């Protein structure tokens, strides 16, 4: 008798019983992840039904029923966005701001983790870690307020120093030459400490014997960090880099919205602020949904491509 044929009638019930038995044994772990699963289900997956709005002509005054009864217009709003005079400007600004953040912010967290890992004075190390983590917990609104206060032309700390050295006050937030740099610097300051946590955790799994062998061979701190620590945390670096590339079109909506003005639209207007103006200010929900969907599709392509390249380079991907 064919073993596969003999086994098939009872294999499914047995597998099902084992599955339910495993769920029952580990039920408390499932209870722990249940709130997170409900959060993503309610706020991320169920709202995906609203994607249909991007392919229809909907007025906010028609009510929810308009989602089902309004006219189907296909890719009209996508074509309108790509033919818009704002298309290249918002795409360029979004990519430039995100790339600058990735270029300066991503290595900064790795460098801080490497430096903290080399500290041997435990108390000083904890103090530095705590201070570097604190900016992450500052609200974006508060951070924007601090930034405006520090850079203000009326008593701001930076302009006070400029005037003291004989210069004229500079309207930093109203100058296209400075705005992107301010965004990137504030991002690095706020994220560098929090971003180093995963790297520090990954360093704890590196075999201490490797460092001992390196010291016996005469390797100094820098060589140990370069040849042992960095390769040891490479899988974590690759995974976080793939996720960061997937979020390239997320240029920091809240901070940009709070800090920008029409004077810097040419360098600060990103996809998210454009969607905000078109959707909530002009009440053009269908068009704004189409632009948001366009952005998310591009983000999905980026993350799939980055993960594929990571796999091709024999690195750990996110799946």
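Would you mind putting 17-23, 127-133 in packing order, based on average other-beta-carbon counts within 10 Å, highest first?
Numbers: 17-23: 10.1, 127-133: 14.1.
My ranking of the peptides, most packed first, is 127-133, 17-23.
Computed from the C-alpha gyration tensor, the three semi-axes of the ellipsoid equivalent to the stretch 78-312 are 37, 26, 14 Å, from longest to shortest.
Exposure proxy for 163, 291, 222: other Cβ atoms within 10 Å of each Cβ, ordered fewest to most, give 222, 163, 291. Oblate is the label for the stretch 94-143, because the ratio a/c of its alpha-carbon gyration tensor axes (a ≥ b ≥ c) is 1.5 or higher and a/b is not greater than b/c.
Fully extending the segment from residue 138 to residue 163 would add 6.1 nm, taking 0.36 nm per residue of separation and subtracting the current Cα-Cα distance.
Result for the chain in a Gaussian network model with C-alpha springs under 10 Å: among 287, 28, 78, the largest mean-square fluctuation is at 28. Here the peptides 273-282, 68-77 are ranked by packing, the mean other Cβ count within 10 Å, and the order with the highest first is 273-282, 68-77. Picking from 67, 25, 185, which is most flexible by a Gaussian network model of the chain using Cα springs under 10 Å? Looking only at 67, 25, 185, the biggest GNM fluctuation is shown by 25.
Using r as the Cβ-Cβ distance of residue 104 and residue 277, and R0 as 25 Å, what FRET efficiency do you calculate, to the nearest 0.05?
0.35
A Förster radius of 25 Å combined with the Cβ-Cβ distance from residue 121 to residue 234 puts the calculated FRET efficiency at roughly 0.35. Kindly provide log₁₀ I(q)/I(0) values, in the same order as q = 0.10, 0.14, 0.19 Å⁻¹, from the Debye equation applied to equal alpha-carbon scatterers of the stretch 162-252. Values, matching the q order: -0.50, -0.73, -0.96.
Ellipticity at 222 nm from helices only: DSSP H runs of n ≥ 4 in the chain, each -39500 (n - 2.57), divided by the residue count, give -21000 deg cm²/dmol. Taking the chain as a Gaussian network, Cα atoms linked when under 10 Å apart, which of 136, 26, 227 shows the biggest mean-square fluctuation? Residue with maximal mean-square fluctuation among 136, 26, 227: 26. Measuring max minus min along each principal axis, the C-alpha atoms of the stretch 1-159 give extents of 85, 62, 30 Å (largest first).
Please report the equivalent ellipsoid semi-axes of the stretch 229-319, computed as sqrt(5 x eigenvalue) of the Cα gyration tensor, largest first, in whole Å.
Numbers: eigenvalues 222, 52, 14 Å².
Three semi-axes, in Å: 33, 16, 8.
Sorted by packing (mean other beta-carbon atoms within 10 Å per residue), highest first, where do 98-110, 166-178 land? Write out the running numbers ahead of the final one.
Values: 98-110: 17.5, 166-178: 13.8.
My ranking of the peptides, most packed first, is 98-110, 166-178.
Taking a label point 7 Å from the Cα of residue 207 along the Cα→Cβ vector, which residues of the stretch 105-146 have an amide N closer than 16 Å to it? Zone members listed by number: none at all.
Every number here is computed from the coordinates shown, using simple stated rules; none is lab data. Remember, it's a predicted structure, so these values are computed and weren't measured experimentally. All Cβ positions, even for glycine, are placed from backbone atoms using ideal geometry, and neighbour counts span all protein chains on display.
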